[in-house]
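Single-structure report; data block below.
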Ligand code: DX5
Ligand code: ZN
């Protein structure tokens, strides 16, 4: 069987915001496959970050996929704004949308790929009637709101279950994991079925972004 391909998505939540443009350019140069963009509203999650204007400012700095993770409620109003400024993937939490199927449709109509995000306590039943419409499922391995938290081990079991649901669809749906991912645990997380890895503090907390991303890729190289 062909080796799965893996993507590393640095979360700029852990970047130095005073030098955000340089930080984006640095992780792209260090081998990032995507830029993970954490949008928090101090309502759905207890923290506040950045919105479409900041996304617009970083868009010219990279050809890479911009992977927008919306931790906002409500979600629909802001989706076209992110599409307009060049987001490629937009993911949202089902608890933050009144009509999950409609929100997925809105993301697609806006010209982006759509992802659904499952918090640690969110059941997989949210996928029952929409998985075939999704481009990505994001399994949270921390509770959303902050970088630098510990990976919650139960996420591994959840990833396995989502992996088999995705495989049953026969569609190329990305399985992303977010929270507490580092070079030490990335291989075991990949073995559970994840193919797209968000890492914030593990990358931006290090002095050498290229070295961390390369170490992650080496670890992933050992996974079939
Ligand atoms: C948490 C965010 C994550 C966060 C991950 O709410 O969704 O993307 O930046 O940060 P680390 O990798 O430090 O856990
Ligand atoms: Zn995130």
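None of the figures in this text is laboratory data; all of them are computed from the coordinates on show. This structure is a prediction, so every number in the text was calculated from the model and none was measured. Reconstructed Cβ throughout: ideal geometry from the backbone, glycine too, with neighbour counts over all protein chains shown.
When you look at residue 223, is it touching a helix residue (DSSP H, G or I) at 6+ places or on another chain (Cβ under 7 Å), more than 23 Å from residue 116 (Cα to Cα) and in a helix (DSSP H, G or I), yes or no?
Here the answer is no, as residue 223 does not meet what is asked.
Output the residue which, of all residues in the range 128-159 that are over 17 Å from the mean Cα position of the chain (by Cα) and more than 16 Å from ligand 1 (Cβ to nearest atom), is nearest to residue 202 (Cα to Cα).
Restricting to residues being over 17 Å from the mean Cα position of the chain (by Cα) and more than 16 Å from ligand 1 (Cβ to nearest atom), the top hit is 157.
Can you tell me which residues in the range 138-197 are in contact with a helix residue (DSSP H, G or I) (Cβ under 7 Å, 6 or more places away or on another chain) and in contact (Cβ under 8 Å) with a residue 60 or more places away in the chain?
Correct list: 147, 148, 190, 197.
Conditions first: (1) farther than 21 Å from residue 24 by Cβ; (2) assigned to a helix (DSSP H, G or I); (3) more than 15 Å from ligand 1 (Cβ to nearest atom). Residue 210 passes all but one, so which condition is the exception?
The single condition residue 210 does not satisfy is (1).
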